[in-house]
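Data block below; observations after.
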Amino acid sequence: MRLEALAVALPDVAGHPNRVPFEGVLTLVDEPSNRPPSGARGHRVILTRAAAIAALPSLLGMAVDYAPGWDGHDARRKCGIITEADVEGNRLQVSGYLFGKDFPEVEEQMRRSNAGTMGMSYEIADAHVADMNASIWSLTRATFTGAAILLREKAAYRETLFRLAAKRCRSTGLAATVPERRCTERLGRPHGSNNGQLEKGKEARCR
Amino acid sequence: MEGAMSESVEKLSAAVSLLERAIASLEQRDAAMSGDVQRIVAAVEHGAEISPRELELERKLAAAEQQIAELRAQGTRPAATRKTLPASTTQLLAKGGITSLESIDAGALDAALTGLSLEQRIAVKAQLMRAGALA
């Protein structure tokens, strides 16, 4: 299993009222979207693994937003932040925080909705298409500018996922119960010593 | 001599011109083939959403695929055959000393059926084959 991962280490604040951890599958790499994304002129797209890995740094610190109907993006409703991203297998996984106090309706929606009904959608800019004439566009370069939480059926990729995380730090999988450990600990750094810095890790996310 | 030189120069000049046009054409084609897109959002465009009918069909397809997978899995498993035989056949075999259908020896079976006519022997063997006791 190949894993490429990046994370922004934020200081832990126990019981932070505005941080609700989430995790999700933002998209699949090297696999065509099930539907043509918006802006792709009716073409389905493949985000290549190389492009996704190269674009991982641009994803960190980007916001997650939502539209009231859970059917698309609304860049002015930024309800959370992405702090970790990795490509594991063909899944681009992300995790971060929702601003639970500011957007209680989002947390409420997540708790109310059935498991597996919520998905994610990326927003990219400056995407390079290898062959504009191809029926499926292959994206060989991109910059992530944000992501949205939405109903899975509204996502161009059917296999995306969004859910509240049980704990702040997740393992390589999307297990529902992950032992509570700080990400700074998994990287062997003292707590709070590397706040805000970009870290690169491979293999397991938590020790 | 000069005439030949002049002709060669003209030919070369024409070839260079052709090459330049070809390069320009290739560059144009390349630019048209690959390109940059300012913004892509991985959400289904409004108006292009999955209709309830499509959703229903997708659900049915998923269910059908699951059923096919299950049937395939069953097909790869050794069939649990029910070894039942008509009572008359069982009695005939018992008289010949065959009481279990789990391991019938071909020689023992032939010996057990020696008292029967050819048709009866064929009928018994056919029944055993149907029951899965005889390969």
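Here are some residues: B:I122, B:I104. Which one is aliphatic (A, V, I, L, M) and modelled with pLDDT of 80 or more?
B:I122
Please list, ordered by first then second residue, the pairs with beta carbon atoms under 6 Å, 6 or more apart or interchain, first in the range A:118-144 and facing another protein chain (nearest Cβ under 8 Å), second among the acidic types (D, E).
Cβ pairs passing all conditions: A:H128/B:D36.
Scanning the range A:7-42 for residues that are small (G, A, S) and closer than 14 Å to B:V44 by Cα, which turns out farthest from the other protein chains (Cβ to nearest Cβ)?
Of the residues in the range A:7-42, the ones small (G, A, S) are A:7, A:9, A:14-15, A:24, A:33, A:38-40, A:42.
Pick out the ones that are also closer than 14 Å to B:V44 by Cα and you get A:33, A:38-40, A:42.
Working: A:S33: 7, A:S38: 4, A:G39: 4, A:A40: 6, A:G42: 8 Å.
Among them, the one singled out is A:G42.
Considering each residue of the range A:16-70, count those that are over 27 Å from A:Y97 (Cβ atoms), out of contact with any Asp or Glu (no Cβ under 9 Å at 6 or more places or on another chain) and basic (K, R), and give that number.
So the answer is 2.
With the requirement that a residue be surrounded by fewer than 16 Cβ atoms within 10 Å (Cβ to Cβ) and in a strand (DSSP E or B), what does the range A:144-164 give you?
Residues of the range A:144-164 surrounded by fewer than 16 Cβ atoms within 10 Å (Cβ to Cβ): A:158-159.
Passing the criteria: none in range.
Condition first: part of a strand (DSSP E or B) and among the β-branched types (V, I, T). Now tell me which residues in the range A:22-66 satisfy that. Full working, then the answer.
Our first condition is that a residue be part of a strand (DSSP E or B); within the range A:22-66, this holds for A:22-28, A:32, A:37-38, A:44-47, A:63-66.
A:V25, A:T27, A:V45, A:I46, A:V64, listed by residue number.
Residues in the range A:72-88 that are more than 24 Å from A:L10 (Cβ to Cβ) and surrounded by fewer than 18 Cβ atoms within 10 Å (Cβ to Cβ): how many?
1
Checking the structure you have, find out if any residue of the range A:43-58 is more than 12 Å from chain B (Cβ to nearest Cβ), of a type outside the set (V, I, T), surrounded by fewer than 20 Cβ atoms within 10 Å (Cβ to Cβ) and over 30 Å from A:N133 (Cα atoms).
no
Step by step: first the residues of the range B:99-126, then only those that are β-branched (V, I, T) and within 13 Å of B:L85 (Cα to Cα), then the one that is surrounded by the most Cβ atoms within 10 Å (Cβ to Cβ). Which residue is that? So that I can check it myself, show each step before the final result.
At the first step, the residues of the range B:99-126 found to be β-branched (V, I, T) are B:99, B:104, B:114, B:122, B:124.
Now restrict to residues that are within 13 Å of B:L85 (Cα to Cα): B:99, B:124.
On the way: B:T99: 8, B:V124: 22.
Per the stated criteria, the residue is B:V124.
Return the residue satisfying two criteria in turn: it lies in the range B:47-88 and is of a type in the set (S, T, Y) and surrounded by 10 or more Cβ atoms within 10 Å (Cβ to Cβ), and of such residues it is modelled with the highest pLDDT.
B:S88
Would you confirm whether or not the range B:18-34 contains a residue that is modelled with pLDDT under 80, outside any helix (DSSP H, G or I) and facing chain A (nearest Cβ under 10 Å)?
So far as the range B:18-34 goes, yes, one or more of its residues are modelled with pLDDT under 80, outside any helix (DSSP H, G or I) and facing chain A (nearest Cβ under 10 Å).
Among (1) at pLDDT 90 or above; (2) out of contact with any helix residue (DSSP H, G or I) (no Cβ under 9 Å at 6 or more places or on another chain), where does A:V13 come up short?
Tallying (1) at pLDDT 90 or above; (2) out of contact with any helix residue (DSSP H, G or I) (no Cβ under 9 Å at 6 or more places or on another chain), A:V13 fails exactly one: (1).
Among the residues that make up the range A:78-89, is at least one of them outside any strand (DSSP E or B) and out of contact with any Lys or Arg (no Cβ under 8 Å at 6 or more places or on another chain)? Walk me through it before giving the result.
Just the residues of the range A:78-89 that are outside any strand (DSSP E or B), to begin with: A:89.
After this cut, where a residue has to be out of contact with any Lys or Arg (no Cβ under 8 Å at 6 or more places or on another chain) as well, the list is none.
No, that holds for no residue.
Quickly run through the range A:27-61 and pick out the residues that are farther than 11 Å from A:S138 by Cβ and polar (S, T, N, Q).
A:T27, A:S33, A:N34, A:S38, A:S58
Within the range B:6-28, how many residues turn out to be over 30 Å from A:D131 (Cβ atoms) and not hydroxyl-bearing (S, T, Y)?
Residues meeting the conditions: 8.
The values are calculated or read from the model by the stated rules, or taken from the named source; none is laboratory data. Not measured: the values here are computed from a predicted model. Using ideal geometry, Cβ is built from the backbone for each residue, glycine included, and neighbour counts are taken over all protein chains shown.
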